[in-house]
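Heads up, the thing below is written out as C-alpha cells.
The values are calculated or read from the model by the stated rules, or taken from the named source; none is laboratory data. This is a predicted model, so every value here is computed, not measured. All accessible areas refer to the heavy atoms of the entire protein, side chains included, with ligands and DNA or RNA removed. Shrake-Rupley method; radii C 1.70, N 1.55, O 1.52, S 1.80 Å.
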Amino acid sequence: MPTALQVVADAKSAAAAAEVVALQAVVAWATEYRVDNSVVDDTTFGAGGVILGGVGCPLIDEFAAYDLAAVLGMSSDGGCTYVAKTLELRYRLCRIWEHVIALKVPVWKAFVVCERTLTLSYEAARYVDQMLAPTLRSCSFAQIERTVAQAIDLHDPEEAEKRRLKAADDRDFQVHLGQRNNPTDGTVDVTGTLSTEDALDLEAAVKQGAKTLGDLGCEESLGARRSMAVGEMARQQLTLDLEAGGDTGGRGVVIYAHIDADSPHVSIDNIGGGDVLIEQLKDLS
C-alpha cells in the first residue's frame with residue numbers, strides 16, 4: 001500500500017501529465033480552427049482571425065477561441081491568453097516545447113518565458129528558445145529576464161531603444177514627507193530610480209561619507225551612517241554646479257566590467273553583476 005507521501009507525488013505527476021495533454025489538445029484545436037492556414041506576420045493585423053501568438057503562430061477563428069475559453073472555464077480574455085501562450089510555446093519556442101512535452105519543464109515555467117516573448121520578433125524569440133531550453137527547469141526569473149533583454153538587443157534594436165528611452169523617462173526621486181508611517185519616529189522614507197551612472201556616483205559618495213563619519217568617531221550602525229551621509233551631502237551641495245560646457249572632471253568611479261564576445265551586454269560588478277549595453281559604457285566613464 002503506497003504511503004501518503006507517495007500518493008501526493010503520484011497526484012502531482014498525474015496533474016503535470018494532464019497539463020501537457022491539455023496543451024497538446026489546444027494545439028490540435030488550433031490546427032482545426034486556424035484561419036485559411038494563415039500565420040501571424042507583420043501585415044496580419046485585422047486579417048479576419050484573432051492574433052493569439054507572435055509572428056509565426058497560426059491565426060485563429062475568433063469565435064472558436066471564445067468557445068474554447070468557455071470549455072476551459074476561463075473568461076474570454078483569460079482563455080485567449082492561455083491559447084496565446086500555448087501557441088507561442090509550440091510554434092516559436094520549439095525547444096522548450098519539447099522539454100515541456102517530455103515533462104522536463106513544468107508548464108508554468110514555460111509560460112513565464114512565453115509571457116515575455118509574445119511581443120518579440122521571430123528571431124528574438126528563437127534566440128530565447130535556444131538559450132533557455134537546456135537549463136530552463138533551474139533558471140531563475142532574473143536569468144530569464146536577462147536572456148530576453150539580450151534577445152531584444154541582438155535582434156530588435158528598435159525595441160531595445162524604445163525600452164531604453166522609456167526607462168530613462170521613468171526615472172524619479174521622491175522624499176515621502178507626507179507618507180510617514182509614524183510621524184513621531186523622526187524618519188522619512190526615500191525612494192527613487194536613477195540611471196546606472198548616477199547610481200554608481202551616489203553609491204560611491206554615500207559609501208565614502210559613511211566611512212568618513214566612522215573615522216571621525218560616529219558609533220552609529222553602517223546603515224545609519226549611510227543615511228546621515230546623504231543628509232550631509234544635501235546640506236553641503238545646496239546648488240548644482242553645472243555650468244554649460246563645463247568640465248565635470250570625470251566620475252572617479254572604478255568600473256569592473258566583464259565582456260562576453262557573444263553578448264551585447266557587459267556585466268558590471270559595481271552594480272551587483274547587473275548588465276548594461278556595451279555602448280552604455282561610455283556613459284559610465
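Summary of the geometry: segment 81-143 and segment 179-204, compared by the centres of their Cα atoms, lie 37 Å apart. Legend: residue pairs K166/K211; K85/K162; K104/K166; K104/K162, Cα-Cα distance threshold 31 Å; pairs beyond threshold, K166/K211; K104/K166; K104/K162. Measuring nothing but protein heavy atoms, the accessible surface of segment 190-239 at 1.4 Å probe radius is 55 percent carbon and sulfur. The residues of segment 72-148 expose, per residue, 45 Å² of accessible area to a 1.4 Å probe. Legend: residues K85, K162, sorted from most to least accessible area (1.4 Å probe; ligands, DNA and RNA excluded), read K162, K85. Taking all protein chains together, S75, S195 sort by accessible area into S75, S195, largest first [probe 1.4 Å]. V175 exposes around 80 Å² of accessible area when a 1.4 Å probe is run over every protein chain in place. Of the residues T3, T86, the one with the largest accessible area comes first in the ranking T3, T86, computed with a 1.4 Å probe on protein heavy atoms.
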